[in-house]
Amino acid sequence: MKIVYVFFILFSCNSLRAEKVNDKAEWENGANILVEGLDCWYNMDTGLWETTSWWNGANILTALIKYGSDNHDESIKKMLDHTFEKTKEFEVGEQDGKEAWICRNYINDFYDDEGWWALAWMDAWEWTGETRYLNMARSIFEDITNGWSMECGGGLYWKKGLNFKGTISNSLALTLATKLYLANTKDINGRSCLQWAIDIWQWMNEVELFSEYGLLQDGIRNRDGICEVKSNVYTYNQGVVLTGLVNLYHITGEEHYMQRAHKLAQSAIQHMVTEQGVLKEVSCEPERCKSDAEQFKGIFIRHLNVLNHYSPQKEYTAFIEKNVNSIYRDAMNKGEVLPGVPWNMTSEKRSAATTSSALDAFNAILCED
């Protein structure tokens, strides 16, 4: 039986659109093809997916949890259990001059990696009700909060020992904090989860992480005592914080959180698209995206979908539909191939990351019966 909690983030997938029958058939077919593709890359020995790195695995898991929840697919729960048991103690191979080591309970050198896994386990708990997943998310968040410092006015570091404070590490922590607060986790490292979220958002605004177009830039770095914003913009940075802002509005009732969420989403839809209005990773598409960027766009759609379910906008619904249709008809050649990074054309560069990124988009448009 599917677990349903009182807080709104676990929305039911009631239809917000009048769909054409042939569109929905394509969407269902596309989602099934993507799930089958991910299954082919799943490594039972590691509990991870071939062709991707550590943090991508958490996002693949997140997309599959959403698919499994909406489709009442119990096989996903079995995979979820297997992945948890295999990855909570994982050997990281030698790299960048660092000897191989054991990563336990998802604690590693990168606070954003930890945030991705914590959010995945929050979703697992929300679906299954199994407290082991919630406890893991709490434990991870406690380590993340150790990354807070007053260098450059506050904020969380991206990597332990590095003076860069990434937008993504802070956005993940903000959203995670709100979800933990709604799950009755009140205090971590001497501060309430709600206060952590509020403080992170306040800091992001005080250091002017937003570009002239209203897009979140990549982060801030201390160079010889001067705090400089790294101006790169990526789609996932525009997405992750949306769920946190929706939650902050839900918790506090303060309208400015919802207003900023809509402003950020609309800026991304306006400035990070192709000429046809399909979401684009503007920094690297179509051929220059490295493995990390293969995951980014689906993350944006995932969190835009949360905003759209809590505060529906025809603009968002039409945007999601446009992207899914483009993925299926152009990037997947109507189901003949798996998609690459671009969503408006086929690509030879395909991976579990590009596949799960597309699944995020299909999850956003397909609705539970």
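The values are calculated or read from the model by the stated rules, or taken from the named source; none is laboratory data. What you see is a predicted model, and the numbers here were worked out from it, not measured in a lab. With ideal geometry, Cβ positions are generated from the backbone for all residues, glycine too; neighbour counts draw on all protein chains shown. Side chains are part of the model used for accessible areas, which takes the heavy atoms of the whole protein and leaves out ligands, DNA and RNA. Shrake-Rupley method; radii C 1.70, N 1.55, O 1.52, S 1.80 Å.
Can you pull out the residues in segment 97-121 that are open to solvent by 10 Å² or more (accessible area, probe 1.4 Å), at positive phi and touching a residue at least 24 places away in the same chain (Cβ under 8 Å)?
Once the filter is applied, which keeps residues that are open to solvent by 10 Å² or more (accessible area, probe 1.4 Å), at positive phi and touching a residue at least 24 places away in the same chain (Cβ under 8 Å), segment 97-121 yields only 105.
Between a first residue in segment 207-218 that is surrounded by 15 or more Cβ atoms within 10 Å (Cβ to Cβ) and a second residue that is assigned to a loop (DSSP other than H, G, I, E, B) and modelled with pLDDT under 95, which pairs have beta carbons less than 9 Å apart while being 6 or more apart in sequence or on different chains?
Taking only residues 6 or more apart or on different chains, the pairs are 217/208.
Could you list, in sequence order, the residues of segment 331-345 that are over 21 Å from the mean Cα position of the chain (by Cα) and open to solvent by 10 Å² or more (accessible area, probe 1.4 Å)?
Hits for segment 331-345 are 333, 334, 335, 336, 337, 344, 345.
Go over the candidates 60, 76, 102 one by one and state the one that is touching a strand residue (DSSP E or B) at 6+ places or on another chain (Cβ under 6 Å) and over 24 Å from residue 293 (Cα atoms).
The conditions single out 102.
With respect to residue 307, is the statement that it is without any contact (Cβ under 8 Å) to a residue 60 or more places away in the chain, open to solvent by less than 10 Å² (accessible area, probe 1.4 Å) and assigned to a helix (DSSP H, G or I) true?
no
Can you confirm whether residue 316 is more than 12 Å from residue 239 (Cα to Cα) and open to solvent by less than 10 Å² (accessible area, probe 1.4 Å)?
yes
Find all pairs meeting these conditions: Cβ atoms under 6 angstrom apart; at least six residues apart or on different chains; first residue within segment 332-356 and at positive phi; second residue open to solvent by 10 Å² or more (accessible area, probe 1.4 Å) and not hydroxyl-bearing (Ser, Thr, Tyr).
These pairs meet every condition: 335/29; 335/33.
Six or more apart or on different chains, Cβ atoms under 6 Å: show the pairs whose first residue is in segment 29-57 and of a type in the set (Ser, Thr, Tyr) and whose second is outside any loop (DSSP other than H, G, I, E, B) and surrounded by fewer than 22 Cβ atoms within 10 Å (Cβ to Cβ).
51/41
What's the number of the only condition in (1) under 24 Å from residue 172 (Cβ atoms); (2) assigned to a helix (DSSP H, G or I); (3) open to solvent by less than 60 Å² (accessible area, probe 1.4 Å); (4) not charged (D, E, K, R) that residue 259 fails to meet?
Looking at each condition in turn, residue 259 falls short on (3).
On the basis of being touching a residue at least 60 places away in the same chain (Cβ under 8 Å) and surrounded by fewer than 16 Cβ atoms within 10 Å (Cβ to Cβ), does residue 82 make the cut?
No; evaluated as a whole, the condition is false for this residue.
Looking at 179, 186, 165, which one is at pLDDT below 95 and either open to solvent by less than 60 Å² (accessible area, probe 1.4 Å) or in contact with a strand residue (DSSP E or B) (Cβ under 7 Å, 6 or more places away or on another chain) (or both)?
Numbers: 179 fails: at pLDDT below 95; 165 fails: at pLDDT below 95.
One residue alone meets the criteria, 186.
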